[in-house]
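Encoded as structure tokens, the structure appears first; notes follow it.
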Amino acid sequence: MQRFSVVLFLFALSLQSCDSFTALGVLGLRCAFKVRVVNFSKTKEKWSEEACRDFGSRVKKFGIELEEVTLKPAPGPPKRTVIQQREEEGKELLSRVDVGREKLIVLDERGDIMTSHEFADYLKKCADDGDRGVTFAIGGANGHSEEVQQTARRQGKMISFGKMVMNHQVARVVLFEQLYRAMTIQHSVPYHK
Ligand SMILES: *[C@@H]1O[C@H](CO)[C@@H](O)[C@H](O)[C@H]1NC(C)=O
């Protein structure tokens, strides 16, 4: 009886918050994999909002919990140096990431170039390894701090969408499309040829 109420308690806890990882483990249950996309710009272009909303809702249909966070850009030149700006934004970003329980994936032109299959496999591996989710970070106006890059190298990945430069709005759309593509690859849904 006592044991039963413990289980019940853990179950209630896990329903209440997916962070009760242990409780879920005990029950052999799994929370939805969480994908968070963090950026530093509120600039809204209608076309990119629409595209991200569309791909985002398709991603969610695969049981993924998708969250977008916009952080306030830190002051840059002439008030502060570019390095100070990156560091400040980096601290704010890292304070949101639960390192150890989730991966930090930084989009950066110096990052690894992956195929869509490798991307899909990487995300699957994160989930299989028991990560709670992944946080994708699109850098601020002047890119990512050293600390953010190191954290991503250690506890995640640096990814580049290719050698051509694209603006943040486009990168965000590409990310959402690749997330959707990754889901269709993982679930063998015909979309990716
Ligand atoms: C940053 O993300 C928000 C949603 O959280 C979005 O509305 C905005 O357009 C994004 N900014 C860029 C530059 O993509």
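The values are calculated or read from the model by the stated rules, or taken from the named source; none is laboratory data. Bear in mind the structure is a predicted one, so any value in this text is a computation, not a measurement. For neighbour counting, all protein chains shown are included, and Cβ atoms are generated from backbone atoms with ideal geometry for every residue, glycine included.
Among the listed residues L123, L66, identify the single one that is assigned by TED's automatic domain parsing to the domain that holds V173, touching a residue at least 24 places away in the same chain (Cβ under 8 Å), touching a strand residue (DSSP E or B) at 6+ places or on another chain (Cβ under 6 Å) and crowded, with 17+ Cβ neighbours inside 10 Å. Working first, answer last.
Numbers: L123 fails: touching a strand residue (DSSP E or B) at 6+ places or on another chain (Cβ under 6 Å).
Among L123, L66, only L66 is assigned by TED's automatic domain parsing to the domain that holds V173, touching a residue at least 24 places away in the same chain (Cβ under 8 Å), touching a strand residue (DSSP E or B) at 6+ places or on another chain (Cβ under 6 Å) and crowded, with 17+ Cβ neighbours inside 10 Å.
In the stretch 95-115, is there at least one residue being assigned to a helix (DSSP H, G or I) and within 17 Å of V38 (Cβ to Cβ)? Walk me through it before giving the result.
Of all residues in the stretch 95-115, those assigned to a helix (DSSP H, G or I) come to none.
No, because not a single residue in the stretch 95-115 is assigned to a helix (DSSP H, G or I) and within 17 Å of V38 (Cβ to Cβ).
Could you count how many residues in the stretch 45-85 are in contact with a Leu (Cβ under 9 Å, 6 or more places away or on another chain) and of a type in the set (S, T, Y)?
Residues that pass the stated criteria total 1.
Select from the stretch 31-49 the residues that are over 24 Å from E92 (Cα atoms) and away from the ligand (no atom under 11 Å from the Cβ) and write down the one among them that is surrounded by the fewest Cβ atoms within 10 Å (Cβ to Cβ).
Taking the candidates together, the pick is A32.
So for the stretch 61-77 (the condition being part of a helix (DSSP H, G or I), within 16 Å of the ligand (Cβ to nearest atom) and in contact with a helix residue (DSSP H, G or I) (Cβ under 8 Å, 6 or more places away or on another chain)), does at least one residue qualify?
From the stretch 61-77, those part of a helix (DSSP H, G or I) are none; that's our starting set.
No; the residues of the stretch 61-77 include none that is part of a helix (DSSP H, G or I), within 16 Å of the ligand (Cβ to nearest atom) and in contact with a helix residue (DSSP H, G or I) (Cβ under 8 Å, 6 or more places away or on another chain).
I'd like the full set of residues that are touching a residue at least 12 places away in the same chain (Cβ under 8 Å) and either surrounded by fewer than 18 Cβ atoms within 10 Å (Cβ to Cβ) or over 14 Å from the mean Cα position of the chain (by Cα) (or both), limited to the stretch 156-170. Break it down stepwise before answering.
Applying the first criterion (touching a residue at least 12 places away in the same chain (Cβ under 8 Å)) to the stretch 156-170 yields 156-163, 165, 168-170.
Selection gives S160, F161, G162, K163, V165, H168, Q169, V170.
If we scan the stretch 139-155, do we find a residue that is in contact (Cβ under 8 Å) with a residue 12 or more places away in the chain, within 16 Å of the ligand (Cβ to nearest atom), in a strand (DSSP E or B) and crowded, with 19+ Cβ neighbours inside 10 Å?
yes
Are there any pairs, at least 6 apart or on different chains, whose C-beta atoms fall under 6 Å, with the first in the stretch 89-109 and closer than 14 Å to F136 by Cβ and the second among the charged types (D, E, K, R), and if so, which?
Short answer, once both residue conditions are applied: E102/D131; E102/R132; K103/D131; I105/K157.
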